[in-house]
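**Q** The structure follows.
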Amino acid sequence: MNRIRPWPVAVLESLRPTAKNESASFAPAVRSRCEQRFFVPHHYEPGYAYPLLVWLHGPDDDERQLDRIMPHVSLRNYVAVGPRGCCSPEPDRAGFRWQQSEDAIARAQQRVFDTIEMACRRYHIAEDRIFLAGYQCGGTMALRIGLGSPNTFAGVLSIGGRFPRRMAPLTHLHAIQYLPIFLAQGRQSSLYPPQVICEDLRLFHAARLQVMLRQYPCGDELTTQMLSDMNAWIMEQINGVKPDSAPCHALVLPCEEN
């Protein structure tokens, strides 16, 4: 099984905030210090409107996780951007993270929308084909932000990140019934165990959400098969026909890896 490895701790230590680190400020509403990483597809054509993939990295990592995942997602299909997590490294940890506190959610939402606006200024983006995805805490934050602004995104994806429960994630119930959602989960996961998945499936059914859940023979790691399936699902959303009504769609597909 091919796994995406985290950055070494020594490398991540160099990314702790310092006065010398370059930063990009972007302020449609609230001025914020924003670090991000862009990915430009091979043979980029300025005249073509590309889908945008916004990637929220996992815990104890940073925006450079984008460099490691994109070769396993697609080198041609998307412009992609990875913002840095809003929560600074803890004293005994390296890398950044996304937290589910009220303040952290507000800062993450601002950072994501700042990053999207920056990407749209730099590149030719199809603004009706913006996908928000993430790994573990980044996946949970992607779901949180997507559910809060369902008309902004063509789809939301979480790999190994729990579906958010606190602070009313289903406020925009009617709108989120039309938001495609992709979840990838390991059968031996301790962060998003099968019993929690079963509870969430009942919630998805009751709320009539469009959810594709794929289960993998692994634990909490990020695998290349998950990323390949993520790309296939996004392309289905881009090339497929959207339903006229919001069906109850909570589909579980087991996935065996070579």
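The values are calculated or read from the model by the stated rules, or taken from the named source; none is laboratory data. Just so we're clear, the structure is a prediction, and the values are computed from it rather than from any experiment. Positions of Cβ are backbone-derived with ideal geometry, glycine not excepted, and every protein chain shown enters the neighbour counts.
**Q** Just give me the residues in segment 113-137 being assigned to a helix (DSSP H, G or I) and closer than 12 Å to Ala80 by Cα, in sequence order. Outline the logic, then answer.
**A** First pass over segment 113-137, keeping only residues assigned to a helix (DSSP H, G or I): 113-122, 137.
If the condition is that a residue be assigned to a helix (DSSP H, G or I) and closer than 12 Å to Ala80 by Cα, then Thr115, Ile116, Met118, Ala119, Cys120, Arg122 are the ones that fit.
**Q** So, one more: Only one of Gly138, Gly186 is modelled with pLDDT under 95, among the small types (Gly, Ala, Ser) and closer than 25 Å to Pro71 by Cα. Can you tell me which? Reasoning before the result, please.
**A** On the way: Gly138 fails: modelled with pLDDT under 95.
One residue alone meets the criteria, Gly186.
**Q** A follow-up question, please. Is there a residue being under 20 Å from Pro150 (Cα atoms), loosely packed, with under 13 Cβ neighbours inside 10 Å, at pLDDT below 95 and not small (Gly, Ala, Ser) anywhere in segment 189-200?
**A** Of the residues in segment 189-200, the ones under 20 Å from Pro150 (Cα atoms) are 200.
When the remaining residues are screened for being loosely packed, with under 13 Cβ neighbours inside 10 Å, the result is none.
The answer is no, given that none of the residues of segment 189-200 is under 20 Å from Pro150 (Cα atoms), loosely packed, with under 13 Cβ neighbours inside 10 Å, at pLDDT below 95 and not small (Gly, Ala, Ser).
Conditions (1) surrounded by fewer than 24 Cβ atoms within 10 Å (Cβ to Cβ); (2) touching a residue at least 60 places away in the same chain (Cβ under 8 Å); (3) more than 19 Å from Gln185 (Cα to Cα); (4) more than 10 Å from the chain's Cα centre (by Cα), marked per residue:
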| residue | (1), (2), (3), (4) |
| --- | --- |
| Ala133 | no, yes, no, no |
| Ala154 | yes, yes, yes, yes |
| Ile159 | no, yes, no, no |
| Pro164 | yes, yes, no, yes |
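**Q** Give the residues of segment 80-97 that are crowded, with 19+ Cβ neighbours inside 10 Å and either farther than 22 Å from Arg165 by Cα or at pLDDT 90 or above (or both), sorted by residue number. Before the answer, list the steps.
**A** First, the residues of segment 80-97 that are crowded, with 19+ Cβ neighbours inside 10 Å: 80-86, 94-97.
Within segment 80-97, Ala80, Val81, Gly82, Pro83, Arg84, Ala94, Gly95, Phe96 meet the criteria.
**Q** Checking the conditions here, which among Asp62, Asp67 is of a type in the set (Asp, Glu), out of contact with any helix residue (DSSP H, G or I) (no Cβ under 6 Å at 6 or more places or on another chain) and within 21 Å of Gly146 (Cα to Cα)? Let's see the steps before the verdict.
**A** Numbers: Asp67 fails: within 21 Å of Gly146 (Cα to Cα).
Just a single option satisfies the conditions, and that option is Asp62.
**Q** Continuing with this model, one more query. Kindly provide the set of residues from segment 138-170 that are of a type in the set (Lys, Arg) and under 19 Å from Arg84 (Cβ atoms), ordered by number. If you could, list the steps in order and put the result at the bottom.
**A** Here is the first cut: in segment 138-170, the ones of a type in the set (Lys, Arg) are 144, 162, 165-166.
Across segment 138-170, the qualifying residue is only Arg144.
**Q** May I pose another question? Specify which of the listed residues (Leu203, Leu209, Leu213) is more than 20 Å from Val112 (Cβ to Cβ), surrounded by fewer than 17 Cβ atoms within 10 Å (Cβ to Cβ) and touching a residue at least 40 places away in the same chain (Cβ under 8 Å). Quick ask: steps written out before the conclusion?
**A** On the way: Leu209 fails: surrounded by fewer than 17 Cβ atoms within 10 Å (Cβ to Cβ); Leu213 fails: surrounded by fewer than 17 Cβ atoms within 10 Å (Cβ to Cβ).
On inspection, the qualifying residue turns out to be Leu203.
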